[in-house]
Amino acid sequence: MRLPFRAMARAAPSAVQAPAAATVAGVSVDAAALAALEVAARDFHFLPRQPVHSVLAGRHASKVRGRGLTFEELRLYLPGDDIRSMDWRVTARTGKPHVRVYTEEKDRPVLLVVDQRINMFFGSRRAMKSVSAAEAAALAAWRVLAEGDRVGGVVFGDAKAEEFTPRRSREAVQQLLGAIARFNQALRADAPARRAAGKLNAALERAARTARHDCLVIVISDFDGHDDRTRDLMLEMAARNDVLTILVHDPFLSELPESGQLVVSDGELQVELGFGHAATRRSIAEFVDTHAKALLDWHHAIGVPLLPLSAAEETALQLRRLLGRPLQQTPVRQRAGAAR
C-alpha cells in the first residue's frame, strides 16, 4: 500500500491543522524563531570523534586538512606515548604519569539539505515534520558556526530549490534560515502543489555538485519518494565526504487510534481510510514497516548514519540525546581539567 503525500487524521483531536495566519506555532516557523534557536544549539556536535553513547560513535575521522590541534583529553601514560605530550604538572600532583591528547582540528564545510516539500506538511503532535526539519537545520547551522566551520545548504520544495555556498559568518546562517522560513511558510494544506518525489534526488544532485570532497553533508528529510537513484547519490557523496541523514518522522502511523478516519490526498483526489477496519490497519502497518526497513537497509549498506527525529518531540533535546552527552554528566576530561 502506498500512502499519498498528504494526510490529516480526523480521529486525533491533537492533530496539527493548517495555519490560519502566516506563522502558527508547530505549523509554520519564521526566520526569527529559527534564529532564536542559537541559544539551544549546545551540548552536541558533528565532529568525527563522538561520545561513546552517540549515534556516530566509532565513525572514522575524515581525511581533511586541519587548521591545527585541539585538546581532546587528559589520560594516564601508556607505553609508546610520545614523551613530549607529558603533562608534568598533573604528573607531579598525582604521582602518576599523564599525557595530553590532541586531535587535528578539521576545516570541514557543512552542507545542509533541507526538505520542505508538501509531504513534510504533516504532524499529529507538537509540530509538522516541516517545522521539525527547519528546527534541526537551524540548530545544526548554529552549532557548525560556533565550532568555526563554514555552513551552507540546499533548501528545496515541490517547485524550486535555493542553494547557499558554505560560508563562515552569521550573515550566511541568517540567509540560509531566511530561505528555510520562506519555503516553510509557503506550505499549506490547500496548496495546489502535487507530490514531487523527484525533487529529493534533484536536491541531492545539487548537493553532490557543491560537496565535491571533504565536506559534511547533512540531509534532513522524511525521504518520501526515495529510490535507487537516491541511494546512488548518497553513496557518491559518501565516497568523498561525510554524510549524515536526519530522518524526520511522525509517530501517528505507528500508533493508529482504534477508531476514526484518515483522509489522504494527492492534491486533486482524496480518500477516507477507516481505522476500524483490520485490513486497513494491517496495510498501513505493513507500509510503515516496509518503508522504514528499506531506508535502514540501504543506509546501512552504504555506511551512512541515520538519525531518527520525531516531530512529536522537542528537536533540540533529541539532537542532544543522539549526538551529545547525557544530561547531568560531566565528562572525565572536564573533571581532569578542573583539577589542574
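The values are calculated or read from the model by the stated rules, or taken from the named source; none is laboratory data. As the structure is a computational prediction, the values presented were derived from the model and not from experiment. Note that we place each Cβ from the backbone using ideal geometry, even for glycine, and neighbour counts take in every protein chain shown.
Quick notes
- The residues listed here are V263, V288, V304; of these, the one that is modelled with pLDDT under 70 and surrounded by 13 or more Cβ atoms within 10 Å (Cβ to Cβ) is V263.
- Residues that are in the same structural domain as I302 (by TED's automatic domain parsing), part of a helix (DSSP H, G or I) and touching a residue at least 60 places away in the same chain (Cβ under 8 Å) are absent from the range 155-172.
- Pick from the range 1-42, criterion in a loop (DSSP other than H, G, I, E, B) and at pLDDT 90 or above, ranking: surrounded by the most Cβ atoms within 10 Å (Cβ to Cβ): V29
- Answer from K106, K63, K129 - the residue that is surrounded by 15 or more Cβ atoms within 10 Å (Cβ to Cβ), at pLDDT below 85 and of a type in the set (K, R): K106
- Meets criteria (under 30 Å from V288 (Cα atoms) and at pLDDT 80 or above) for V90: no
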